[in-house]
2 protein chains.
Amino acid sequence: MTEPGRSTEGDVDELELLTRPGREEDLRTFLLLLHPADVAELVEDVDERTAVAILRHLGAERAADLVSELDGEDAERILRLIVPDELRPILAEMETDDAADLIQDLDELTASQVLAALPVEDRGDVEQLLAYDPESAGGIMQTELVSIPIDSTVGSALEAVREAASDIDIISCFVIDHVGHYCGHIALQDLVLTKPATPIERVMEPKIVEVKPDVDQEEVARIFDHYSLVELGVVDDNGILIGRITADDVHEVLVEEAEEDMLKMAGTAAEPEVIYSGNVARIVGQRLPWLGSTFFAGLLATWILHRASVVFETAVILLMFVPVITGMSGNVGTQSAMIMIRGMAVGHIEREDLAKEIVKDLMVAAIMALVCATLVTLIVASWQQNVALGLCVGVALGLSMLSASFLGSTEPALLQRFGIDPAVAAGPLITSINDISGVTIYTFVSLFFLQYL
Amino acid sequence: MTEPGRSTEGDVDELELLTRPGREEDLRTFLLLLHPADVAELVEDVDERTAVAILRHLGAERAADLVSELDGEDAERILRLIVPDELRPILAEMETDDAADLIQDLDELTASQVLAALPVEDRGDVEQLLAYDPESAGGIMQTELVSIPIDSTVGSALEAVREAASDIDIISCFVIDHVGHYCGHIALQDLVLTKPATPIERVMEPKIVEVKPDVDQEEVARIFDHYSLVELGVVDDNGILIGRITADDVHEVLVEEAEEDMLKMAGTAAEPEVIYSGNVARIVGQRLPWLGSTFFAGLLATWILHRASVVFETAVILLMFVPVITGMSGNVGTQSAMIMIRGMAVGHIEREDLAKEIVKDLMVAAIMALVCATLVTLIVASWQQNVALGLCVGVALGLSMLSASFLGSTEPALLQRFGIDPAVAAGPLITSINDISGVTIYTFVSLFFLQYL
């Protein structure tokens, strides 16, 4: 078996041999031994002709799994070469949320072809899903689920499961009232455990939480985590059950959101599909604008130092310590910002504790500032044999670390209030602000000490 | 209902009233309406006496859920006040992985009391789980599962499910041979769907992947993601099935790992439970050491500038542009490092493509460097009316951005080779290295231009 997630050169070569005419039976046998996820890895590395041959010999159900695993570019490349009659049975096997995700990733022409080839009974659902924000509960839910009326019995629920079980994955049955309101659910294992004549109402778990389709996917992940859910019902404005979100949907959300946050913190636009593409020009387009704030902050810092040249021309040595000041305040600021951002996102820090947390962060920064300031004062004073110089650098370092901690810990909540993702705050923005405030503090402290000492 | 994850002042007050003598019935009714996860939120905000009263009135099963939800500090606080006879029925309801997680979080004394109060049949399993690295497959698996021999029928499998279903959550049955080797599994819904007389071997899904207990939890998460698993079997060195990992375990891993990575990137030791505690001294202990590299890098940069003072005393203005050089190279380096780290972690970048990715990153950096260098040259030359000065800053900026991109994109893979978590590379370390290389390049470029222009 290939290591999960890594296709080898050997497999690719073997596959291309197997797609030659007359070897259909061997190809089918080869594919049977592989998981669709592993086939998808291989398909990314082979030419179109081979990819289409693979799709044709997989069987509709496994082909549907394969297509769900492909990224947009690969899916386009292959689906363009397949006629609608071949596409239809594959799409019939796909779940509505996977179909919607696929269509979202395709160019307009291919997307409309896929939409047209969907089974009539699914098309409306998929179009509905496409209308939701892809990063909302509606965008990640699927409409396939087993629902049973609250006045039915365990036996009839099991019957409903048997009817649906060949098409969809079932973890539990959703219980609804006569209008369609979501009332609760019953796990499949409890259905199996209970006598068929038992009324559902007696054995179901009453609903503890539900979401509307416009809830953000990060909030969905937080609810899953908080209640250790395996499944979550989605309801419309009237409380009518319209879909479900399963653990693997949330799994994808967690990976995606963490990635986007990290890219933002590094100061790149948060589009992994561009950043990891081969398109150098578009990557530059995503990274360069974020360097802008650093660029102008740097020039601003230079201008501030230049304005104060009366100090710095008489004591050039002071200018040489600028990297210590900017480096340290940048670092402390990033620590404080990141701790606040993650604390808010994961729920370690609640809104009402924000002020307390900022004070705590300042206390931590004060201790660290005291240690670093003392150390640098001693080093500079003994190296340059000049106590005033040592105090300039030391006091400025301590104050700029305090200011950086305060800016870093308040900025995320501030950005959030203005509807900006706080993750942005741990990136170049906070470093830039800290560079400028660090240099400004340094200038004033130096002016003060050189004048009075 | 309280908003998930947030207990309100009102709820806390009401709870404390309800724990007064004579109101036991009201307390029980109030608790029945809440999910254990919400009760856990409340327990964090009430005094010990109230917390213990709540635990006593929840019933063993829900009390077990509650205790699993508590963090170490709160669990200790409460469990210390409970006698072994009260603790025993609660622990009997806990799953082995939750019990092991709980014991791991407790101080030695409380941990040994809990271990002693475990049911005899679970104690061995829990001790075994405690022996594994908490961040490995063994550390997150549970030993409770339903396994059936490969030569049995669907009917007897359903029987096994019925026997186990009241104690554990079942998603599928694991199929083993007569020795205990893991052979495959069958989803609960397929059991329900199939005639009882059908041999298991005909309907089971053959095993596609398994893990040994020492596999890292991040690799487990990657396998879950790749194969869209809901459950994964853990086997010992002989292939004997010893446990299972479920989707919610992996969910926790994803949240935890993303958090640890982000804290590392911000330059703090990766222990969220310390960072978000109230212990200022310990937080300083986790953050201060990481400032060390920045501190000494800053001083080293100063020393380099000082060594080259022959240049900088004659052209003090050059020193004032140091924030531009260090800021920009730090930013570009972090971008490149983060893109490489996430790409490697999530699988966008495979080992054999590493060299190609580094070249691509250099091309991106080259374009960005050209843009920024040109801009800064024009700005400085026209501001200072001095082309040589403009070229000094511009050429040095361009070269230091290129060097930062190269260091940033190669360092993660390099650190990984030495067994160090690459996430560290996006933090202060890379920024420090880039500060020093930036200042060094600046010095040499300035020496060159001032001598020859």
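Plainly put, the tip 7 Å out from Cα toward Cβ on A:Pro84 is 7.5 nm from that tip on each other copy, the closest given first. Based on every Cα atom in the range B:73-124, Rg and the maximum pairwise Cα distance Dmax equal 9.9, 27 Å.
In terms of the mean number of neighbouring beta-carbon atoms within 10 Å, the peptides A:333-344, B:337-348, A:219-230 order highest first as A:333-344, B:337-348, A:219-230. When the Cα atoms of chain B are aligned to their principal axes, the ranges along those axes come out at 90, 60, 37 Å in descending order.
Of A:Phe406, B:Phe444, how do they rank once you tally other Cβ atoms within 10 Å and put the fewest first? Mind dumping the intermediate values first?
Details: A:Phe406 18, B:Phe444 14.
Ranked by crowding around the Cβ, least crowded first: B:Phe444, A:Phe406.
Amide H contacts of B:Ile148 (H built 1.01 Å from N, in plane; Pro and chain starts excluded): B:Phe174, B:Val175, B:Ile176 sit under 5 Å, all sequence-distant by 5 or more or on other chains.
For the protein assembly as shown, list log₁₀ I(q)/I(0) at each q in 0.06, 0.08, 0.09 Å⁻¹, using the Debye formula over Cα point scatterers of equal strength and ignoring solvent, two decimals each. Treating every Cα as an identical point scatterer, log10 I(q)/I(0) equals -0.49, -0.84, -1.03. Based on Cα atoms of the range A:341-432, Rg over Rh with Rh as the Kirkwood radius reads 1.13.
Rg over Rh for the range A:217-259 works out to 1.01, using Cα positions for both radii and the Kirkwood form for Rh.
Which of the listed residues, A:Ile54, A:Leu129, A:Thr268, is farthest toward the dipole's positive end in chain A, when Lys, Arg count +1 and Asp, Glu count -1 at the beta-carbon? The residue sitting farthest along the positive end of the dipole is A:Thr268. Relative to the globular-protein estimate of 2.2 N^0.38 Å, the Cα radius of gyration of the range B:294-453 stands at 1.10.
The Cα center of the range A:116-180 and the Cα center of the range B:306-377 differ in position by 51 Å.
Toward the positive end of the charge dipole of the range B:215-255, with +1 on the Cβ of Lys and Arg and -1 on the Cβ of Asp and Glu, the farthest Cα among B:Val253, B:Val230, B:Val215 is that of B:Val230. The ellipsoid that matches the Cα gyration tensor of the range A:256-354 has semi-axes, each √(5λ) in whole angstrom, of 33, 23, 10, with the longest given first.
Across peptide A:226-238, the average count of Cβ atoms from other chains found within 10 Å of a residue's Cβ is 3. Toward the positive end of the charge dipole of the protein assembly as shown, with +1 on the Cβ of Lys and Arg and -1 on the Cβ of Asp and Glu, the farthest Cα among B:Val83, B:Gly343, B:Leu415 is that of B:Leu415. Near the amide H of B:Gly427, within less than 5 Å, lie no amide hydrogens of residues on another chain or at least 5 residues away, with H placed in the peptide plane. Averaged over the residues of peptide A:244-251, the number of Cβ atoms from other protein chains lying within 10 Å of each residue's Cβ is 4.
Rounded to the nearest 20 Debye, what is the dipole magnitude of the range A:96-181 about its Cα centre when Lys and Arg each give +1 and Asp and Glu each give -1 at the C-beta?
On the way: 2 positive and 19 negative charges, 61 e Å.
So the dipole magnitude of the range A:96-181 works out to roughly 300 debye.
Seen against the Cα atoms of chain A and their longest principal axis, helix A:60-69 is set at about 10 degrees. The calculated P(r) of the range A:9-131, using every Cα pair and 10 Å bins from 0, goes 13, 47, 29, 10, 1 in percent.
In terms of Cα atoms, the Rg and Dmax of the range A:147-256 work out to 14.1, 45 Å.
Taken one residue at a time, the phi angles of the range B:304-318 give Karplus couplings (6.51, -1.76, 1.60, θ = phi - 60°) of 4, 4, 5, 4, 9, 5, 4, 6, 7, 6, 7, 9, 3, 3, 4 Hz. Gly and Pro are set to x.
Where a number appears in this text, it was derived from the coordinates with a stated rule and is not lab data. Source: prediction; values computed, not measured. Positions of Cβ are generated from backbone atoms using ideal geometry, with glycine treated the same way; all protein chains shown enter the neighbour counts.
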